[in-house]
Every structure is written in structure tokens, then in C-alpha cells.
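The block underneath contains the structure these notes are about, expressed in C-alpha cells.
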Amino acid sequence: MTSWRLPLLLLALAATGIAAAQQRYAYDDVAQTRRALAEAQAQAQAAKVRGERLEAEAARVVEAADRTAQESAALAARIQQAEAEIAGHQAQIGLIGHQREELRAELARKQRPLIELTAALQRLSRRPVVFALLRPGSVRDAMHLRAMLATMIPEVERRTASLRGELARFRLLQQQAEAAAGRLRASKADLAARRLRLAGLETRQRLAARHAEGVADRESENALALAEQARDLTGLVDELGKAAALRDTLAQLPGPVLRPPQPERAQPEQAEAAAPPPMIGLARYTLPVDGRLVTGFGVGGSRGVSIAARAGAQVVAPGGGRVVFAGPYRGYGKIVIIEHAGGWTSLVTNLFQLDTRVGEVVIAGAPLGVAGPGQPVLTLELRHDGTPVNPLEQLRNL
């Protein structure tokens, strides 16, 4: 092979490889968008079912405080539903955009030969007839041209009919994109309205619980002090567990006994242990945020699961229980630790905004806060008597 042909061959092979890679990446993008659409639709349906169940439970509750808690959880589920619907609409718009680009390229490829043929026919049609009479052989050429046109016109009509169909499909895709954009705007408005309602409910809850703020503030200060002393998250959870055990022990002690009016006649009585405050266990358990699982339990020594969430996504309590820590912790953003019944503890890290506080008793699905901007990754850890447990195994309890 000559020296000048080898570089040309290498360039041709490189160009072919680049084109194939670009086409493969385009297909990967479409496949990824379709997966995102399917995940968003599944998440929206699950959040809808959860919201309907919580709304039905709220309608059956008589106590005002319990009803407000159920309504907050139902609103948080509806917010997650709206977030998933927004992601689904965005994925639909992306898929329609891919289809429009492919159709636009196909139309350009098919239109070019037709445009060239139409231009040639137009030049022939503009040629004066008298020129054909003056040129030798023009009559024979005219006959040949007429026969050629008789053969080509049906093919031109067939191809233009195909183009008309694809142009109609392009207009349909445009209408579908506009409809998806309209649904996206409606979902965003719905999300804003639901977040506003949730903020109102949370304000009402804080006003109703103002009488207990002193105790909550003291407990929050103790939790923050433990966070300063703990070497890591495991140490913090263990220390909070010891504090919870001490609190339960103190709660079971009998209260002060009044001095009887006649001490000499008093008889010793068996003291009844005070019942501990009610705690909700793992009858229901859910992921705190909708998103994509990026790290599984035990992978690389992970004690929980990591979830890539949407920017500003609603974060909820994975299970019912008592908030024993809610605040910033070094290297983990803002975290929430929930103590469940039966020795279970949940830890949610990397929140951006907290909407709960220490001492609050929450139900599964109650709003805890929101994820951060960009591409936030939240971590959920579940422990039973201090031992890490795969939280995904508890999702069957929903």
C-alpha cells in the first residue's frame, strides 16, 4: 500500500468508529431516558397509593393532633407524587425530542434528492419550446424525456406521499411535546400549592406543640452535646440508644407518693410502673426519598443504602417513631435519627433542610425535610439493637 493511502484509511476507520460511538451513545441516552420515565411513573403511582391511604386514615382519626400528623404525611406523599410526575413529564419531553431529531434527520436525507429532482424538472419546464424545434434531435430527445417523466412522476408522487406522512408525524410529535409541557407546568403548580399547604400544617403543628418546647429544647441540646462527643455516626447512634434506654427506665419509675394524713395507719402498696410513651414500630417502612439506588447494603462496607434523589426532593420518615436527633453532623450534612419500637433505629443523612425536631413523634411518611440542590445523595441506615440491617428487606412491610 502506498504511503499516502494508509493515513487516509486510518482516518476513514477513525471516522467510522467515532460515528458508531456517537450513535451508540445516542441510543444509550434514549434507553436511559426510557428507564427514567418508567421509574418516575412507578414512583408516582406508589406515592399516589400511599397518599390515598394516608388521606383515608386521616379522615378516620378523631383526635386533632393525630389527624394533623396524618394529613402532613399524606401531603408529603402527594408532594412526592408531584415530583415523580414532573420527572416523568421531563422524560417524556426528552423522548419526544429524540424522536423529533431522528425524524428531522430522516426528512433531510429523503428531501435532498427530491429537491434536486424538482429543481431539474423546473429548469426543463422553463426551457422554451422553440429551442427544442431548432436543435437537431430535439424531437427524439423530447420523446425520451416524456417517457422518462412518465416513469419518474409516479415514483416522485410515492416519495412525496411518504414525506407528507412523516411531516404529519412531525407535527404530531410537536403537539405531543406541547401537551407534555402543559402537563409539566400543571404538575409544577400543583407541587408549589401542596408545599404551601404542608408549610401551613407544619406551622399549625408547631403552634399546637408550643407548650412542650422547653422539654424539646433541653433534649435537643443534650443530643447536640452527644454529637460533639461522638467520634462517628455509629458512636452517636449508640450514645442516643443509651440515652433512650435511660429515658425509658426513668419513665417506668413510680411518681412521688403523697404523705398520708395518718402515717401510722398507712399500709405499703405495690407501686405500678408508669407506661412508657407510645412508639410506632416497623409495621410500615418506606424509603425516605424517591430516587435511584446507587449503593447497596454492605457494598464497600456500607452500613446502609444510598439514594440519588432529585434536587429539592421531599424527604419523609421511613418508619414511625420518635425523633432523637435532628441537626447537622460533620461530613453528613443535616441528619435525622428516629428511634422505633422494639430496638429499631433509622438514620437519614445529607438533608438540606429540616422540618422536624428532637422529641417529635412521627408516623411513617411524615415530612422530615428536603434534599439539597444539584444531584443530592441521601443515605438510609437501619439498626436493630445496634446491629446494621438491610433496610430494603423491611420494605415488604408497606
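The values are calculated or read from the model by the stated rules, or taken from the named source; none is laboratory data. Just so we're clear, the structure is a prediction, and the values are computed from it rather than from any experiment. Ideal geometry is used to build each Cβ from the backbone, glycine not excepted, and the neighbour counts take in all protein chains shown. All accessible areas refer to the heavy atoms of the entire protein, side chains included, with ligands and DNA or RNA removed. Shrake-Rupley method; radii C 1.70, N 1.55, O 1.52, S 1.80 Å.
Odds and ends about this structure:
- Of all positions in segment 286-308, none carries a residue that is surrounded by 22 or more Cβ atoms within 10 Å (Cβ to Cβ) and part of a helix (DSSP H, G or I).
- Any hit, segment 52-59, residues being surrounded by 22 or more Cβ atoms within 10 Å (Cβ to Cβ) and in a helix (DSSP H, G or I): yes
- Residues in segment 335-344 include none that are part of a loop (DSSP other than H, G, I, E, B), open to solvent by 30 Å² or more (accessible area, probe 1.4 Å) and modelled with pLDDT under 95.
- Selection of segment 60-83 for residues being in contact with a helix residue (DSSP H, G or I) (Cβ under 7 Å, 6 or more places away or on another chain) and either more than 18 Å from ARG183 (Cα to Cα) or not in a helix (DSSP H, G or I) (or both) yields VAL61, ALA65, ARG67, THR68, GLN70, GLU71, SER72, ALA73, ALA74, LEU75, ALA76, ALA77.
- Against the test of being within 17 Å of LEU37 (Cβ to Cβ), modelled with pLDDT of 65 or more and under 50 Å from the mean Cα position of the chain (by Cα), the options ALA69, ALA105, ALA91, ALA77 yield a single qualifying residue, ALA91.
- Inspection of segment 139-151 identifies at least one residue that is β-branched (Val, Ile, Thr), at pLDDT 65 or above and open to solvent by 60 Å² or more (accessible area, probe 1.4 Å).
- Filter result for VAL315 (surrounded by 23 or more Cβ atoms within 10 Å (Cβ to Cβ), within 23 Å of ALA42 (Cα to Cα) and in contact with a strand residue (DSSP E or B) (Cβ under 8 Å, 6 or more places away or on another chain)): yes
- Scanning segment 345-362 for residues that are buried (at least 20 other Cβ atoms within 10 Å of the Cβ) and among the hydrophobic types (A, V, I, L, M, F, W, C) gives LEU347, VAL348, LEU351, VAL358, VAL362.
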